[in-house]
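Chemist: Quick one: this structure, given as structure tokens, is what I'll be asking you about.
The values are calculated or read from the model by the stated rules, or taken from the named source; none is laboratory data. This structure is a prediction, so every number in the text was calculated from the model and none was measured. Please note: Cβ atoms are built from the backbone with ideal geometry, for glycine as well, and neighbour counts cover all protein chains shown. Please note that ligands, DNA and RNA were not included when accessible areas were found on the heavy atoms of the full protein model with its side chains. Shrake-Rupley method; radii C 1.70, N 1.55, O 1.52, S 1.80 Å.
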Amino acid sequence: MKLLQKIWSSPTLMTWGSFATNSLSLVIVLPLILIKLNTEEIVVWYLFSTIIGLQILVDLGFSPTFSRVIAYSIGGASSTDLKDFREVSQKKDFQNCQPNWNTVNKICSTMGVIYDRLTIILISLLGVFGTLALLRPISLMPNYQWGWASWAVILLASAVTLKGNIYNSYLQGVNKIALLRRWDIITSLASIITSFLVLGMGGGLLGLVLSNQGWMILKIWRDRYLARTVYEAKFQTFAEKKLNQEIFAAVWPSAWRSGLGVFMSYGLIQLSSVLYAQIGSIGQVASYLLSLRLIQAVSQFSNAPFYTKLPLLAKLRAEGNINQQILLAKRAMTLGYWTYLIGFLILGILSKPLLQLIGSNANFAEPRLWSLMGLSLFAERYGAMHIQLYSTTNHIVWHIVTGVSGVIYAIVSLSLLPKIGVYAFPIGLLAGYLGFYCWYSARYSYKAFGLKFWSFEKSVMIPPLFMLLCYTAYSLLNSLGLIT
């Protein structure tokens, strides 16, 4: 019984459960997508997914920043304490810290104003640039009218889902991640079942979009309900939307740096796939977008052990409990690396034969490309977790880290694209991550917490990296015909 209670209350396990149900779509829905939709529709579907993913750029980094400052406030911080936690005292009495609900109230009121404005910006950008990006791919569809109808549904749903970040940020900030993810499991299962039925009955691309976006809107309603019920319904007592200048001054420097960081890392990867869709052949684009979607699913799944601990890590920082913060981060990082490696290897071994078995209209990436993609995202995991750990000080350097690495990525990938095609993208990522992102991020993290590379990483990052390099070497030698 205690074990079940521990599982039920574990943010990491519940997040894994949420990701696991989302991953079921790769097993249940993806095969039908690859069979029921033609190649042109597959490309448009993954471009829709890419553009939906790019909505995080319009968030400008406010969502993780608001979650972090709410966590600080739950740890007892006032509105005047939110700007910088680099010099937090390790002698602070973290056992007697009480939530500062007055500060949380100001944060949530400010969130409401900001997300109203961001929603207007999002719809304007999607209406112009999203439509331009879809002109060629949708025009190649046999029934292009359904493509544009699907795009109209996505535009409508996007107006609702961005504003829903208010409730998600609040729930994560007050460390109700386990509760949030339990409901995510239910919602994801319902979405998967609905999508399966829609595709099975011949609903096509439009039916799939209606099902997917419909559940996204229901998810926002659900998060609103949860936010208004936890912590004795404190959320309902908060003041109406009002921009608090003190709160805005505290979150804006971190938010725009975080937002720029997301754009120069995740955003550039997504935009490169949109670019490739404009110039590549339909078959090659479908293969790359499918493989990119699969490896991003693995990367997202591996986020759970570490990213679900961020509110608690921020709370520990605000309380001054630094030693516990380091121990928690080390365990979470280790589990994150191994989760990524296992998922990557399973997909690398099984995806191609399974896609051939079901008669997929899109192919899986060949082993050399898959290995390069795996190495690049592993490097990203290393840098990202260290920069996230350092960000619990609320001193944000993402804009520097991802800005420089993003420029390196853009220069290398665009230079190599005419010569080596799609291989240019993972090679460009590796150049950016190894050339700047990884070592710069880790340097800040090690310095802030008094860590040494070898003593910290010898049991954390080194073992899974060794296994990944062995797989990469095997793939390279096999492709050259030196081994079978």
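Chemist: With respect to L357, determine if the residue is at pLDDT below 85, part of a helix (DSSP H, G or I) and either under 30 Å from L477 (Cα atoms) or not acidic (D, E) (or both).
Modeler: yes
Chemist: Filter the range 140-154 down to the residues that are open to solvent by 40 Å² or more (accessible area, probe 1.4 Å) and either of a type in the set (V, I, T) or at pLDDT below 90 (or both) and list them by number.
Modeler: L140, P142, N143, Y144
Chemist: With respect to L126, determine if the residue is modelled with pLDDT of 90 or more and assigned to a helix (DSSP H, G or I).
Modeler: Against the criterion (modelled with pLDDT of 90 or more and assigned to a helix (DSSP H, G or I)), L126 does not qualify.
Chemist: Take the residues in the range 211-247 that are among the aromatic types (F, W, Y) and modelled with pLDDT of 90 or more; name whichever of them is farthest from L199 (Cα to Cα).
Modeler: Y225
Chemist: Answer yes or no as to whether A178 is under 23 Å from the mean Cα position of the chain (by Cα), farther than 20 Å from Y231 by Cα, small (G, A, S) and surrounded by fewer than 22 Cβ atoms within 10 Å (Cβ to Cβ).
Modeler: no
Chemist: In addition: So is G435 surrounded by fewer than 19 Cβ atoms within 10 Å (Cβ to Cβ) and on the phi > 0 side of the Ramachandran plot or not?
Modeler: No.
Chemist: Sticking with this one: Failed condition for V404, given (1) more than 22 Å from S272 (Cβ to Cβ); (2) modelled with pLDDT under 90, with all others met?
Modeler: Unmet condition: (1).
Chemist: Moving on. Tell me which helices (runs of 4 or more DSSP H) are completely within the range 232-339 and hold 1 or more residues being surrounded by fewer than 19 Cβ atoms within 10 Å (Cβ to Cβ), or say none if there are none.
Modeler: Result: 245-262, 268-279, 282-307.
Chemist: Please give the number of the condition S445 fails out of (1) polar (S, T, N, Q); (2) assigned to a helix (DSSP H, G or I); (3) open to solvent by 50 Å² or more (accessible area, probe 1.4 Å).
Modeler: Tallying (1) polar (S, T, N, Q); (2) assigned to a helix (DSSP H, G or I); (3) open to solvent by 50 Å² or more (accessible area, probe 1.4 Å), S445 fails exactly one: (3).
Chemist: Go through the range 218-231 and count every residue that is closer than 22 Å to V113 by Cβ, open to solvent by 50 Å² or more (accessible area, probe 1.4 Å) and of a type in the set (A, V, I, L, M, F, W, C).
Modeler: Number satisfying all stated conditions: 1.
Chemist: Moving on. Please work out which one of (1) open to solvent by 10 Å² or more (accessible area, probe 1.4 Å); (2) in contact with a helix residue (DSSP H, G or I) (Cβ under 9 Å, 6 or more places away or on another chain) is the condition G164 fails and give its number.
Modeler: (1)
Chemist: Which pairs turn up if I take residues in the range 206-230 that are on the phi > 0 side of the Ramachandran plot and in a loop (DSSP other than H, G, I, E, B) and look for partners that are among the β-branched types (V, I, T) and open to solvent by 10 Å² or more (accessible area, probe 1.4 Å) with beta carbon separation below 8 Å, at least 6 apart in sequence or on another chain?
Modeler: Sorted first by the residue in the range 206-230, then by its partner, the list stays empty.
Chemist: Sticking with this one: So is G406 touching a Phe, Trp or Tyr at 6+ places or on another chain (Cβ under 7 Å), among the small types (G, A, S) and crowded, with 21+ Cβ neighbours inside 10 Å or not?
Modeler: Answer is no for this residue.
Chemist: Let me ask you something else. Tally the residues that are surrounded by fewer than 19 Cβ atoms within 10 Å (Cβ to Cβ) and small (G, A, S), restricting the search to the range 410-430.
Modeler: Here the count works out to 3.
Chemist: Considering the range 429-446 alone, what residues qualify as being of a type in the set (F, W, Y) and more than 19 Å from the chain's Cα centre (by Cα)?
Modeler: F436, W439, Y440, Y444, Y446
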